[in-house]
1. State all residues of segment 193-231 that are under 17 Å from the mean Cα position of the chain (by Cα) and either without any contact (Cβ under 8 Å) to a residue 12 or more places away in the chain or part of a helix (DSSP H, G or I) (or both); if no residue qualifies, say none.
2. Among the numbered conditions (1) under 15 Å from the mean Cα position of the chain (by Cα); (2) away from the ligand (no atom under 15 Å from the Cβ), tell me where residue 159 comes up short.
3. Among the residues of segment 168-185, are any of a type in the set (Val, Ile, Thr), in contact (Cβ under 8 Å) with a residue 40 or more places away in the chain and more than 16 Å from the ligand (Cβ to nearest atom)?
4. Tally the residues that are loosely packed, with under 15 Cβ neighbours inside 10 Å and of a type in the set (Phe, Trp, Tyr), restricting the search to segment 154-198.
5. Could you give me the residue pairs with C-beta distances under 7 Å whose first residue belongs to segment 120-133 and is β-branched (Val, Ile, Thr), whose second residue is more than 10 Å from the ligand (Cβ to nearest atom) wherever it lies, and which are 6+ apart or on separate chains?
6. Please state which one of 214, 188, 184 is at pLDDT 90 or above, of a type outside the set (Ser, Thr, Tyr), in contact with a strand residue (DSSP E or B) (Cβ under 6 Å, 6 or more places away or on another chain) and within 19 Å of residue 115 (Cα to Cα).
7. Considering each residue of segment 224-239, count those that are under 15 Å from residue 185 (Cα atoms) and surrounded by fewer than 17 Cβ atoms within 10 Å (Cβ to Cβ), and give that number.
8. Could you list, in sequence order, all residues of segment 49-58 that are touching a strand residue (DSSP E or B) at 6+ places or on another chain (Cβ under 9 Å) and not in a helix (DSSP H, G or I)?
Amino acid sequence: MIEELVKAIKKSNYLVALTGAGISTLSGIPDFRTDKSGIWERYDQSRIFDISYFKKHPEYFYKFAKEYIYTFTNIEPAIAHKFLARLEEIGILKSITTQNVDGLHQKAGSKKVFELHGNPFRSHCLSCKKIFSQKEIEIMLKDSDVPLCNECSGLIKPDIIFYGEMLPEDAINSSIAEVEKCDLMLVLGTSLVVYPAAYLPEIALRNGALIAILNKQPTHLSGRAKWIIDDDLAVTCSMLIKYFE
Ligand code: ZN
């Protein structure tokens with residue numbers, strides 16, 4: 001199975017990847033959809049990432065962000081991130097579309113990454129749109145529970161896409177354009193339940209591309225994928241990367 005997939009990767013003309021929370025769990029970031037322990041016991045994720053709740057109670061989000069999101073910078077990429085970065089480095093992988101907001105693909109060395117749900121490294125004032133870096137926010141959070149804009153005192157929100165917000169159109173359009181060009185798509189660590197990410201492999205299939213799903217849980221496209229590898233993702237990626245060293 002692995003050898004056959006390796007061959008297909010090597011002879012692909014346009015390989016793209018789609019990644020989800022399952023690859024970040026390898027770096028120690030718990031997935032709130034499958035893991036109700038730890039941080040997700042103490043915070044209600046449906047409130048944390050809800051835009052109307054955020055506007056009323058931003059301190060709830062920022063308490064969580066201090067404890068969790070702003071620690072992402074100390075987390076290291078896992079073997080799955082490194083495998084994809086390696087494939088891009090040798091010119092095989094053309095781009096990654098991710099549902100993750102942790103920046104681990106870029107940290108592993110991937111260059112062309114489309115973030116469907118944004119990221120916390122940049123923030124902006126909801127009133128005057130002024131941009132702030134994560135560092136600036138972290139400094140503000142030392143003296144206050146909620147960072148406010150130094151120009152207009154407006155509320156600052158990180159550029160993560162919250163429930164109730166539009167997804168970034170440029171990231172979606174670029175991802176679709178990439179998928180339309182691909183002849184092989186790797187789907188890693190996502191159960192394909194969240195749209196529009198879940199829709200991308202369907203576009204690939206419709207265009208006659210092959211898909212390989214590397215995920216523990218079955219997905220709605222399991223029956224149509226050429227390869228399904230439901231073994232431990234870290235083990236699979238450690239095996240795969242050896243063929244591309
Ligand atoms: Zn402002």
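The values are calculated or read from the model by the stated rules, or taken from the named source; none is laboratory data. Predicted model only: the values in this text are computed from it and were never measured. When we count neighbours, we look across all protein chains shown, and the Cβ atoms used for this are built from the backbone with ideal geometry, even at glycine.
1. Of everything in segment 193-231, those that are under 17 Å from the mean Cα position of the chain (by Cα) and either without any contact (Cβ under 8 Å) to a residue 12 or more places away in the chain or part of a helix (DSSP H, G or I) (or both) turn out to be 195, 197, 198, 199, 200, 201.
2. (2)
3. Checking segment 168-185: at least one residue is of a type in the set (Val, Ile, Thr), in contact (Cβ under 8 Å) with a residue 40 or more places away in the chain and more than 16 Å from the ligand (Cβ to nearest atom).
4. 2
5. Partner pairs satisfying both residue conditions: 131/122.
6. Exactly one of 214, 188, 184 is at pLDDT 90 or above, of a type outside the set (Ser, Thr, Tyr), in contact with a strand residue (DSSP E or B) (Cβ under 6 Å, 6 or more places away or on another chain) and within 19 Å of residue 115 (Cα to Cα), namely 188.
7. 2
8. 49, 50, listed by residue number.
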